[in-house]
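Enquirer: Handing you this structure, nothing more for now.
The values are calculated or read from the model by the stated rules, or taken from the named source; none is laboratory data. Computed from a prediction, not measured in an experiment: that's the story for all the values here. Methodologically, a virtual Cβ is constructed for each residue, glycine included, from the backbone with ideal geometry; neighbour enumeration extends over all protein chains shown. The accessibility values were calculated without ligands, DNA or RNA, using every heavy atom of the protein model including side chains. Shrake-Rupley method; radii C 1.70, N 1.55, O 1.52, S 1.80 Å.
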Amino acid sequence: TQFNSGKRDSAWKKAYGQDVFPGLHWDKADVVVALESDFLGVEGDEEAARLFASRRDVMKKGKFNRLYTVEGTLSQTGMSADYRLRLRPDAQYAFVMALANELSQQGVNLPADLGSKASAFDLKKLAGTYALAESSLKHLVSDLKNAQGKALLYAGDRLPESVHLAVHAINDAL
């Protein structure tokens, strides 16, 4: 298991009725999205870093994974990202909901309760409000849609339970 925050644990229990957060298959994800999470640095552990990095070894044949970070302050994970979107922590909920809405519009089948809540959020509008690169957001949505079954969103320890719940629902849909 990963180092867990009380918010992550609480969201997991609400979503799945279990007390134990699962081990994550960082090495099987073609696309990883870190939301205010430094899983390669202070929030992570050696196993997560090793598994993630196993898909970025230039000496091995195979498909590289792609890393997106959405964070307010540059982290070790952000320095390793293929795409880094700078966004304040207090805007992360709006971001994840707008992302969910865009994925739904692109044909990803979200749980009904998330889909109805997310419909009030618009990714293009959010991009304009927070000066996020629309081209990077288009890549993100496309990559997540194309990597269904091999995509992983991971919310940081400090984010509120509402973000973790939305991330769990999106991960289930993907």
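Enquirer: On full extension of the chain, what length is gained from Lys28 through Leu74, given 0.36 nm per residue of separation minus the C-alpha to C-alpha distance?
Expert: Full extension of this stretch gives 14.0 nm more.
Enquirer: FRET efficiency for Ser116 and Gln148, Cβ-Cβ distance as r, R0 = 25 Å, nearest 0.05?
Expert: The pair Ser116/Gln148 has a calculated efficiency of 0.75.
Enquirer: Treating the Cα atoms of segment 92-174 as identical point scatterers in vacuum, please give the log10 of the normalised Debye intensity I(q)/I(0) at q = 0.11 Å⁻¹, two decimals.
Expert: One equal scatterer on each Cα of segment 92-174 leads to -0.25.
Enquirer: Further question: Can you give me the % of accessible surface on segment 71-119 that is carbon or sulfur? Probe 1.4 Å, all protein chains present, nothing else counted.
Expert: 44 percent
Enquirer: I would also like to ask the following. Would you mind calculating the relative contact order of the chain from Cα pairs under 8 angstrom and at least 6 residues apart, reporting the percent as a whole number?
Expert: Answer for the chain is 29 percent.
Enquirer: How much length is gained if the chain between Lys138 and Asp57 is pulled fully straight, taking 0.36 nm per residue apart and subtracting their Cα-Cα distance, in nm to one decimal?
Expert: The Lys138-Asp57 span can extend by a further 26.6 nm.
Enquirer: Could you check the simple spin-label distance between Phe64 and Tyr130, using points 7 Å along Cα→Cβ, in nm with one decimal?
Expert: Here the answer is 2.5 nm between the modelled labels.
Enquirer: Can you count the Lys pairs in segment 30-166 with C-alpha separation below 21 Å, eight or more apart or on different chains?
Expert: 12
Enquirer: Would you kindly work out the equivalent ellipsoid of the chain from its C-alpha gyration tensor and give its semi-axes, the square roots of five times the eigenvalues, largest first in whole Å?
Expert: So the equivalent ellipsoid measures 22, 19, 16 Å along its semi-axes.
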